[in-house]
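Structure, as structure tokens:
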Amino acid sequence: MSFSLQVPVDQFEMPHPRGDGTFKISVARVAHVPEGAKVPVLYVLDGDIGFALAAEIARLRGLMGMQPTAMVVGIGYGVDFLEFAKLRTADLTPPLSEAGRAALGNMTSFIGEQDGGAEALLDFLTETLAPEIGRRYPEASADDRILFGHSLGGLFTTYALLTRPGAFSAFLANSPSLWWDGFAVLGHVPAFAEKLAALESPPRVLIGVGGQEQDAPTKVPPGIEMSLAEVQATVAASRMVDAVPELAAALTHAGLSDVEYVIYDKEDHGSVVPAAMMRGLRFAVPDRT
């Protein structure tokens, strides 16, 4: 039996739910799927910077059929980074309160001033994109669907979990920006407990964060019109590391039995992504025993 080192990759565009613009959808299929079999589908937010990495990790994991893997679907824009940084903020976030908007200060110079598209994006993922993936790819499982998001994508993944826990079989929230709007997303936890209790098959949840993400920065990131003192104060208030075990504990208290969190030692907000993707895929599509 021979095994190809390549996996098929497709790209196509779909209309953006706001009525203008498009999403660039990228799909990496699983090689050598037995006829009639179904494979998990890993939906990766921020596909412009995360799809290729996730697709390669999934390919390596499934090489020669050694371990189960997943089809990877990236949701992106196909634009330059500065425009991407603003578009993602508009799509990945719940609406800001006036206080939350004021708290962003000059951060909007980089992330933009538009927000509040999370509910529309969640509708798009569940009601438009997932059915289209099923139509195009017969091997795509309609039940085993995984969502991965990092940073604001991690915030969106948390929001999706808390408001629609049955939408995906696994939620992988990495470095979630829970600080958004004064940690307002956690206000959905009480209602989440009721939604969770109504599910026959509760989701599996993995939350991750780099161990250095709460360290005081020593320089201002490019594109951020803030002083170093302002950036350091923002990082401290964001509580990126401390908030992760607290979220996991809140989910457990709400009745979620299969939730784990990982603090990746010596990783920062950027370097943590590859480790989180590999760990997330192993968590959502477990090793054979």
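The values are calculated or read from the model by the stated rules, or taken from the named source; none is laboratory data. Just so it is clear, the model here is predicted, and its values are computed rather than measured. Cβ atoms come from the backbone with ideal geometry, glycine included; neighbour counts cover every protein chain shown.
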Among residues of segment 92-108 being among the small types (G, A, S) and surrounded by 15 or more Cβ atoms within 10 Å (Cβ to Cβ), the residue modelled with the lowest pLDDT is A103
Answer residue from segment 114-154, given it is farther than 22 Å from A243 by Cβ and touching a helix residue (DSSP H, G or I) at 6+ places or on another chain (Cβ under 6 Å) and is surrounded by the most Cβ atoms within 10 Å (Cβ to Cβ) among those | I146
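Counting only residues that are aliphatic (A, V, I, L, M) and under 26 Å from P202 (Cα atoms), give me the helices (runs of 4 or more DSSP H) lying completely in segment 212-289 with at least 2 of them.
Working: elements: 228-238, 243-253, 272-284.
Correct list: 243-253, 272-284.
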Could you count how many residues in segment 205-239 are under 30 Å from R145 (Cβ atoms) and hydroxyl-bearing (S, T, Y)?
-> 1
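Which ones in segment 171-224 are touching a strand residue (DSSP E or B) at 6+ places or on another chain (Cβ under 8 Å) and aromatic (F, W, Y)?
Filtering segment 171-224 down to residues touching a strand residue (DSSP E or B) at 6+ places or on another chain (Cβ under 8 Å) leaves 171-176, 203-211.
Listed by number, the list holds a single entry, F171.
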Could you tell me which residue of segment 150-170 is farthest from L45 (Cα to Cα), considering only residues that are among the hydroxyl-bearing types (S, T, Y) and in contact with a strand residue (DSSP E or B) (Cβ under 9 Å, 6 or more places away or on another chain)?
-> S169
Where a residue in segment 9-36 is on the phi < 0 side of the Ramachandran plot and at pLDDT below 90 and its partner, wherever it lies, is surrounded by fewer than 15 Cβ atoms within 10 Å (Cβ to Cβ) and of a type in the set (F, W, Y), with Cβ under 6 Å and at least six apart = none
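State all residues of segment 26-47 that are closer than 16 Å to L92 by Cα and either surrounded by fewer than 20 Cβ atoms within 10 Å (Cβ to Cβ) or hydrophobic (A, V, I, L, M, F, W, C) (or both); if no residue qualifies, say none. Break it down into steps so the answer makes sense when it comes.
In the first step, residues of segment 26-47 are kept if they are closer than 16 Å to L92 by Cα; the result is 43-47.
Of everything in segment 26-47, those that are closer than 16 Å to L92 by Cα and either surrounded by fewer than 20 Cβ atoms within 10 Å (Cβ to Cβ) or hydrophobic (A, V, I, L, M, F, W, C) (or both) turn out to be V44, L45.
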From the options G154, G182, residue that is part of a helix (DSSP H, G or I), touching a Pro at 6+ places or on another chain (Cβ under 6 Å) and under 19 Å from T89 (Cα atoms) = G154
Working carefully through the options A233, A248, find the one that is modelled with pLDDT of 95 or more and of a type in the set (A, V, I, L, M, F, W, C).
-> A248
Would you check if A85 is in a helix (DSSP H, G or I), within 21 Å of E132 (Cα to Cα) and touching a helix residue (DSSP H, G or I) at 6+ places or on another chain (Cβ under 7 Å)?
-> no
Residue selected from segment 104-144 under the condition among the small types (G, A, S), part of a helix (DSSP H, G or I) and touching a Ser or Thr at 6+ places or on another chain (Cβ under 9 Å), by the criterion farthest from V30 (Cα to Cα) = G105
Conditions (1) surrounded by 13 or more Cβ atoms within 10 Å (Cβ to Cβ); (2) under 26 Å from P131 (Cβ atoms): number failed by I111 | (2)
Any pair with Cβ under 8 angstrom, 6 or more apart, that starts in segment 177-201 at a residue that is farther than 14 Å from A248 by Cα and surrounded by 15 or more Cβ atoms within 10 Å (Cβ to Cβ) and ends at one that is among the acidic types (D, E) and modelled with pLDDT of 95 or more = none
So G78, is it part of a loop (DSSP other than H, G, I, E, B), touching a Lys or Arg at 6+ places or on another chain (Cβ under 6 Å), small (G, A, S) and under 28 Å from V285 (Cβ atoms) | yes
